[in-house]
Amino acid sequence: MNDSTPDLDIASRIMSCIEALSAISESTDHLTRVSLSEQHKQANSLVGEWMTACGMQVHTDAIGNIIGRYEGSKEGPALLIGSHLDTVRNGGRYDGMLGVVIPIICVEILHKQQKKLPFPIEIVGFCDEEGVRFPSTLLGSRAIAGTLDEETLQECDASGISIAEALREFGQDPDQLQTARRHSEDFIGFVEIHIEQGPVLELEDLPVGLVTAISGASRYQIEVTGKAGHAGTVPMNLREDALTAASECILAIEDICTQLPDVVGTVGMIDALPGAGNVIPGQVNFSLDLRSSKDSTRDDAEAKVFSALERISQRRGVAVKPMRTYQAEGRTCDSWLSNQLASAIKSSGYRLLTLPSGAGHDAMALADLTRIAMLFVRCKDGLSHHPDESITREDAAATAKVLMNLLLQADLSDPQPGAAG
Ligand code: GLV
Ligand code: MN
Ligand code: MN
């Protein structure tokens, strides 16, 4: 497998699996599949069928990850490969899913050839990477890494359903959370395939790239409390309008993140209560997502945002309470495993390009457990978290070839000792 001609039969298999998964949505006209939902259950079940059909032992763990294991010719630590099966609202069909489908298709090929590798392979479809339903995120990968505590299971979605309740509804027992936890001795490392979600590979005219590091991120819920009142009777200078105060906070956040180099800040959700056209909003809740490739820069941005919120709160006479709901430190990919992936890229006939990831990935949580490496796949116009997210069949095949070459050629059977790095 060392010329760079893509195998379009493999591409067809990949694309038909992606098509089938993208049809599992809470709406018929767009793709939304949040974690621990009925649609998530259906996606897990379909992925489980594919895994079983290619000779894998399949189970759903206590947090709702679907995991398949393809035994090797020898016992020993497994190579863990995977990504997530949840989506953002009105999302694309490749974010997460591609990283589950491609390894399954590679195992399907091995199984058809009755080929065993000198190490087992485990493929995982993580239950939650997007953090769309609950305030926390990376629930599945953190449960495996042993960094998800029981308390987090009490966090609730917008309808007041806790993660623990959602898990019960999903068919899992939240009291068994610890059984999802794995040990570093179980794994050689973790490899995640993901669309780039940015424009670099397209500009460089390359199907794939090797990820060097993943940016850290923090998420917050910000609660603004003013005083509801009659829209017709309360003079402008006597109002405690929570929504105008929130608007000022949001513009201040934009300003801070624009001034600081290497920081991005996004307010993606806002709720104004009581929510009537003739009532001054008394309460507003909004989200904030802050990221930087440097944790210290993100901390600096957080401090500046908090003090701007405090100033606005004082001046407008409303209470502004920011709560951090999630924080992930930036992570560097493991050099040993990344070198193996780099060799597979080169032996597949592609120039090696390294790039960092601004988006978050399950790999950042797995880094607490084992070595991580990531392969990015070119996506059209660098577009993601959007229904027009797209990749070519050629690039899908190229990615499968790189993974296949990693599995067949890399020296993974006798890994160096040592885990998270
Ligand atoms: C996931 O897509 C994230 O980076 O938030
Ligand atoms: Mn993703
Ligand atoms: Mn995403």
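Listed values, structure above:
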{"quantity": "Subset of segment 81-101 (residues that are touching a residue at least 60 places away in the same chain (Cβ under 8 Å), more than 10 Å from ligand 2 (Cβ to nearest atom) and out of contact with any Cys (no Cβ under 9 Å at 6 or more places or on another chain))", "calculated": "GLY82, ASN90, ARG93"}
{"quantity": "Helices (runs of 4 or more DSSP H) wholly inside segment 330-421 that include at least 3 residues being crowded, with 24+ Cβ neighbours inside 10 Å and more than 16 Å from ligand 3 (Cβ to nearest atom)", "calculated": "335-347, 393-409"}
{"quantity": "Filter result for the condition that a residue is at positive phi and either of a type in the set (D, E, K, R) or in contact with a strand residue (DSSP E or B) (Cβ under 9 Å, 6 or more places away or on another chain) (or both), over ASP411, ASP381, ASP395", "calculated": "ASP381"}
{"quantity": "Residue count for segment 43-66, restricted to those that are of a type in the set (Val, Ile, Thr) and open to solvent by 10 Å² or more (accessible area, probe 1.4 Å)", "calculated": "3"}
{"quantity": "Meets criteria (open to solvent by 10 Å² or more (accessible area, probe 1.4 Å) and either under 23 Å from LEU139 (Cβ atoms) or in a loop (DSSP other than H, G, I, E, B) (or both)) for HIS30", "calculated": "yes"}
{"quantity": "Of residues in segment 202-244 being among the aliphatic types (A, V, I, L, M) and part of a strand (DSSP E or B), the one surrounded by the fewest Cβ atoms within 10 Å (Cβ to Cβ)", "calculated": "ALA213"}
{"quantity": "Residue match in segment 116-126 (condition: within 16 Å of ligand 1 (Cβ to nearest atom), crowded, with 18+ Cβ neighbours inside 10 Å and under 27 Å from GLN57 (Cβ atoms))", "calculated": "yes"}
{"quantity": "Residue ranges of helices (runs of 4 or more DSSP H) in segment 92-188 with at least 2 members closer than 25 Å to MET374 by Cβ", "calculated": "98-112, 139-145"}
{"quantity": "Single match in ASP388, ASP395 (criterion: of a type outside the set (Gly, Ala, Ser), out of contact with any Pro (no Cβ under 9 Å at 6 or more places or on another chain) and assigned by TED's automatic domain parsing to the domain that holds ILE105)", "calculated": "ASP388"}
{"quantity": "Near pairs, Cβ below 8 angstrom, 6+ apart or cross-chain, from segment 354-367 (of a type in the set (Gly, Ala, Ser)) to any residue that is part of a helix (DSSP H, G or I) and within 12 Å of ligand 2 (Cβ to nearest atom)", "calculated": "ALA363/SER141; ALA365/SER141"}
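The values are calculated or read from the model by the stated rules, or taken from the named source; none is laboratory data. The model shown is predicted, which means the values in this text are computed figures rather than measured ones. For neighbour counting, all protein chains shown are included, and Cβ atoms are generated from backbone atoms with ideal geometry for every residue, glycine included. With ligands, DNA and RNA removed, areas are computed over all heavy atoms of the protein, side chains included. Shrake-Rupley method; radii C 1.70, N 1.55, O 1.52, S 1.80 Å.
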